[in-house]
Amino acid sequence: MGFHTFPVDRAEKLEDESRYRYCSREELVAALSLSGAETVADLGSGTGFYTDDVAPFAGKTYAVDVQSEMHDIYREKGLPEGVELVTASIGDLPFGDGELDAAFSTMTYHEYADDAALAELARVLGSGGRLVTVDWSGNGDGESGPPTDERFTLEEAVAHHEAAGFSVDVASERPETFLLAARLD
């Protein structure tokens with residue numbers, strides 16, 4: 001896959017509410033199934049568009065992005081209470097074993113997905129930890145998002161998650177995206 005990052009000079013696009021067409025706040029929060037006390041990480045948080053949506057439903061939320069410039073933009077926008085910025089790659093997270101109760105990524109899985117990143121996510125999520133992935137589908141038409149040859153299909157993403165020790169609870173294909181909700185046993 002491409003393993004690229006979203007260009008910082010286009011960061012304003014990450015604040016476009018038309019993104020809810022592909023994943024609504026309600027859909028994301030429901031898939032995470034939070035009680036309000038959990039420690040959650042947004043993987044590839046960018047400017048915090050979805051971090052802002054999830055943070056009120058969690059105890060602590062980490063906005064994880066490999067680009068510190070994205071954090072600068074998020075800081076300027078204003079961080080909600082309980083959000084902490086973390087500059088790291090998904091394959092090398094600065095969290096202890098089982099420190100996270102849940103993690104999610106929206107439209108970034110294709111940027112980091114490999115065996116090492118999924119193994120790292122399994123390490124930092126505790127038993128029963130939930131991982132929600134919404135990403136551009138390799139079966140999509142390519143009307144938005146990266147080129148289709150830089151995307152994974154839902155079937156490929158399910159196989160990646162299961163190989164890393166996750167049980168997949170929800171696997172849903174949509175016109176341009178997929179939603180996958182999994183947990184560690």
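Can you confirm whether region 132-151 contains a residue that is assigned to a loop (DSSP other than H, G, I, E, B), in contact with a His (Cβ under 8 Å, 6 or more places away or on another chain), within 26 Å of Tyr20 (Cα to Cα) and of a type in the set (D, E, K, R)? Yes, region 132-151 contains a residue that is assigned to a loop (DSSP other than H, G, I, E, B), in contact with a His (Cβ under 8 Å, 6 or more places away or on another chain), within 26 Å of Tyr20 (Cα to Cα) and of a type in the set (D, E, K, R). For residues in region 105-133 being out of contact with any helix residue (DSSP H, G or I) (no Cβ under 7 Å at 6 or more places or on another chain) and closer than 17 Å to Ser172 by Cβ, which is surrounded by the most Cβ atoms within 10 Å (Cβ to Cβ)? Among those that are out of contact with any helix residue (DSSP H, G or I) (no Cβ under 7 Å at 6 or more places or on another chain) and closer than 17 Å to Ser172 by Cβ, it is Ser105.
Does Leu131 satisfy the condition of being within 24 Å of Gly36 (Cβ to Cβ) and not charged (D, E, K, R)? Yes: the conditions hold for Leu131.
Scanning region 144-154 for residues that are surrounded by fewer than 17 Cβ atoms within 10 Å (Cβ to Cβ) and either touching a helix residue (DSSP H, G or I) at 6+ places or on another chain (Cβ under 6 Å) or at pLDDT below 95 (or both) yields a total of 5. Restricting attention to region 118-143, the residues that are modelled with pLDDT of 95 or more and closer than 15 Å to Ala164 by Cβ add up to 13.
Among the residues in region 45-58, are any outside any helix (DSSP H, G or I) and surrounded by fewer than 23 Cβ atoms within 10 Å (Cβ to Cβ)? Among the residues of region 45-58, not one is outside any helix (DSSP H, G or I) and surrounded by fewer than 23 Cβ atoms within 10 Å (Cβ to Cβ), which makes the answer no.
Across region 172-185, which residue is most open to solvent (accessible area, probe 1.4 Å) among those that are under 15 Å from Leu28 (Cα atoms) and more than 15 Å from the chain's Cα centre (by Cα)? Restricting to residues being under 15 Å from Leu28 (Cα atoms) and more than 15 Å from the chain's Cα centre (by Cα), the top hit is Glu173. Would you confirm whether any residue within region 155-167 is without any contact (Cβ under 8 Å) to a residue 24 or more places away in the chain, open to solvent by less than 40 Å² (accessible area, probe 1.4 Å), not hydrophobic (A, V, I, L, M, F, W, C) and not in a helix (DSSP H, G or I)? Scanning region 155-167, I find at least one residue that is without any contact (Cβ under 8 Å) to a residue 24 or more places away in the chain, open to solvent by less than 40 Å² (accessible area, probe 1.4 Å), not hydrophobic (A, V, I, L, M, F, W, C) and not in a helix (DSSP H, G or I), so the answer is yes.
The single condition among (1) open to solvent by 20 Å² or more (accessible area, probe 1.4 Å); (2) farther than 19 Å from Val124 by Cβ; (3) modelled with pLDDT of 95 or more that Leu34 does not meet is (2). Here Arg123 passes the criteria (1) assigned to a loop (DSSP other than H, G, I, E, B); (2) free of Cβ contacts under 8 Å to residues at least 40 places away in the same chain except the one numbered (1). Determine, yes or no, whether Glu150 is farther than 25 Å from Ala63 by Cβ and of a type outside the set (S, T, N, Q). When the stated conditions are applied, Glu150 does not pass them.
Candidates Ser167, Ser172: the one that is hydroxyl-bearing (Ser, Thr, Tyr) and closer than 20 Å to Ala119 by Cβ is Ser167.
Being among the aromatic types (Phe, Trp, Tyr) and over 14 Å from the mean Cα position of the chain (by Cα): is that true of Phe104 here? No: the conditions fail for Phe104. Looking at region 59-90, which of the residues that are open to solvent by less than 50 Å² (accessible area, probe 1.4 Å) and in contact (Cβ under 8 Å) with a residue 60 or more places away in the chain is farthest from Glu27 (Cα to Cα)? Here the residue is Gln67.
The values are calculated or read from the model by the stated rules, or taken from the named source; none is laboratory data. Note that the structure is a prediction, hence the values are computed from the model and not measured. Because the Cβ atoms are built from the backbone with ideal geometry, glycine has one as well, and the counts that use them run over all protein chains shown. Protein only, heavy atoms only, side chains kept; ligands, DNA and RNA dropped before computing areas. Shrake-Rupley method; radii C 1.70, N 1.55, O 1.52, S 1.80 Å.
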